[in-house]
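Worksheet for the structure shown next.
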Amino acid sequence: MRKTRVWSQIVMVVVLCLCLGAYTTQADEESAPATTGVSVPEATLEELLKQAEALEQRAEYKKVVDLCTQIIAAHPESAAAYTQRGMAYYYLEKWDQAIADVDQAIVRDPKYARAYRARAGAYQGKGDSERATQDNNQAIELCTEALQVDPQDASAYNNRGYAYVCKGEYDPAIADYNKALQINPEYAETYFNRGVAHYLKGDYDRAIEDYTKAPQINPQFAVAYLNRGSVYADKGDYGRAIQDYNKALQINPQYAVAYLNRGTVYAGKGDYDRAIRDYTKALRINPELAAVYLKRGNAYGHEGEYDRAIADYTKALQINPQYAAAYNNRGKAYYDKGEYDRAIQDCTKALQIDPQLADAYLNRGNAYDDKGDHDRAIQEYNKAVQIDPQFAQAYYNRGVAYVRTGDYDRAIADCTKALQIDPEFALAYLNRGLCYVMQEQWAQARSDWERAVELDPDGEAGQGARANLEQLTQMGH
């Protein structure tokens, strides 16, 4: 019997708010052209940029693009307008368009720190860490110069803090955000940004405090509700997470990422039907979200609908041919269908893209093991635990392979290791008990099977252990 890490999950979407908006790891929604209620020629540039900021905080990024395009037509000299539109493209994962706009902003104002910070994000999105670091450093330098001129410039502290976050330097970022809030206690974006820094440091309670403060100042701050929901989800408080995603969707019913995250919470609760409905809603809003196809494929897989899962993983790969997790998960679906060669091909492709994907070694090992190539399977599991020494499933699966080769001592050692990592791994107790029986260690076998029944009374491990205990009793042991 085998327990695997069946469906490799991506990290819950986390949105980082910038000085004038948000940073999301997923592309966002399609929406109607902006309807601002103010004629561009009649409004001042400052009023128009504030409208764009408000749309950004509502996560209405397509509307930001439309409005900023109008602003640029009326105010072609505005570096802020180009930067704002560049950031909207960035949130939509249109990296090249984002960079092109921010380049235009820098031409107009070479000392505009926010533009460098924005371009750094786009370079990071493209995977160009070197250029991202250069731009973040430039943003820090310009913000520092600005603060030497005006030590009460809250936006400079906020922008410098964001650049520090992008470099992974969370403590100086928090210090800058603290200073910005001392100057301007009503700076909603800074509370949000500080919440991001606390979250990335692992301080979830402080992150929640800051994400709560931001919408108290700006009740339309949909992204703040989204992020707070993500923290609650990470803490296992699914009820509050769903409430926050609902609130984000009340503010912006076209918020695809909120549907994605709510669907992920439903999946975590085992409610795959609701998860599938939310993922489907997200894809209706934006059919180019590869991560949502992956997630929906995972949900279909849990429901045993492997063909639908494979179709979703294939769609994700059409959008992003370098999506290692999609290859891995499709390989797992093929494995569950008994198509072991296809499973091996997909896991191999996943590992070509990401050689550190331990799940792919695990899944490829499972396919080799069920094909009868137990030695090759053991090699795959060895690689999985080298990458992730806390990978309980890989130790357990290697133990299964050792059982099939008759090496019960190693099988017992691997099950024991799995249980050291995960003391509630019922299948490991069941399998180790079987190994003890093969060595006629009856007392140890009975102890393991009793523990399996305690942990999983109605599941596969518990039922198997209960039947084994009855046989053991009949044998007089």
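The values are calculated or read from the model by the stated rules, or taken from the named source; none is laboratory data. These numbers were taken from a predicted model, which means no experiment stands behind them. Cβ sites come from the backbone with ideal geometry, for glycine too, and all protein chains shown count toward neighbours.
Figures for the structure shown
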{"item": "Selection count where residues are part of a loop (DSSP other than H, G, I, E, B), without any contact (Cβ under 8 Å) to a residue 60 or more places away in the chain, farther than 23 Å from G297 by Cα and of a type outside the set (D, E, K, R), scope the stretch 226-270", "result": "1"}
{"item": "Residue in the stretch 207-230 that is farther than 30 Å from Q51 by Cα and either in contact with a His (Cβ under 7 Å, 6 or more places away or on another chain) or of a type outside the set (S, T, Y) (or both) present", "result": "no"}
{"item": "Residue in the stretch 437-444 that is under 25 Å from D359 (Cα atoms), without any contact (Cβ under 8 Å) to a residue 24 or more places away in the chain and assigned to a helix (DSSP H, G or I) present", "result": "no"}
{"item": "Residue within the stretch 447-457 that is part of a helix (DSSP H, G or I) and either closer than 28 Å to R364 by Cα or in contact with a His (Cβ under 6 Å, 6 or more places away or on another chain) (or both) present", "result": "yes"}
{"item": "Criterion (farther than 22 Å from Y323 by Cα, free of Cβ contacts under 8 Å to residues at least 40 places away in the same chain and aliphatic (A, V, I, L, M)) met by exactly one of A411, A367, A384, A358", "result": "A411"}
{"item": "Residues being closer than 27 Å to N246 by Cβ, surrounded by fewer than 24 Cβ atoms within 10 Å (Cβ to Cβ) and among the β-branched types (V, I, T) - total across the stretch 277-328", "result": "2"}
{"item": "R432 vs. criteria buried (at least 17 other Cβ atoms within 10 Å of the Cβ) and either of a type in the set (S, T, N, Q) or within 17 Å of A465 (Cα to Cα) (or both)", "result": "yes"}
{"item": "Cross-chain or 6+ apart pairs with Cβ under 8 Å, the stretch 139-160 first and closer than 19 Å to A188 by Cβ, then of a type in the set (F, W, Y)", "result": "A154/Y187; Y157/Y177; N158/Y177; N158/Y187"}
{"item": "Yes/no for D273 being surrounded by fewer than 21 Cβ atoms within 10 Å (Cβ to Cβ), acidic (D, E) and assigned to a helix (DSSP H, G or I)", "result": "yes"}
{"item": "Residue that is within 23 Å of the chain's Cα centre (by Cα), under 30 Å from Q322 (Cβ atoms) and part of a loop (DSSP other than H, G, I, E, B), where the choices are G168, G121", "result": "G168"}
{"item": "Top-ranked residue of the stretch 352-367 - restricted to ones that are in a helix (DSSP H, G or I) and farther than 17 Å from I378 by Cα, ranked as nearest to the chain's Cα centre (by Cα)", "result": "I353"}
{"item": "Sole residue being over 29 Å from N363 (Cβ atoms) and modelled with pLDDT of 95 or more, chosen from D312, D244, D307, D278", "result": "D244"}
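Here's the yes/no breakdown for (1) in contact with a Lys or Arg (Cβ under 9 Å, 6 or more places away or on another chain); (2) surrounded by fewer than 16 Cβ atoms within 10 Å (Cβ to Cβ):
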residue: C347; (1), (2): yes, no
residue: Q352; (1), (2): no, yes
residue: D359; (1), (2): yes, no
residue: A384; (1), (2): yes, no
residue: A392; (1), (2): yes, no
residue: N397; (1), (2): yes, no
residue: A413; (1), (2): no, no
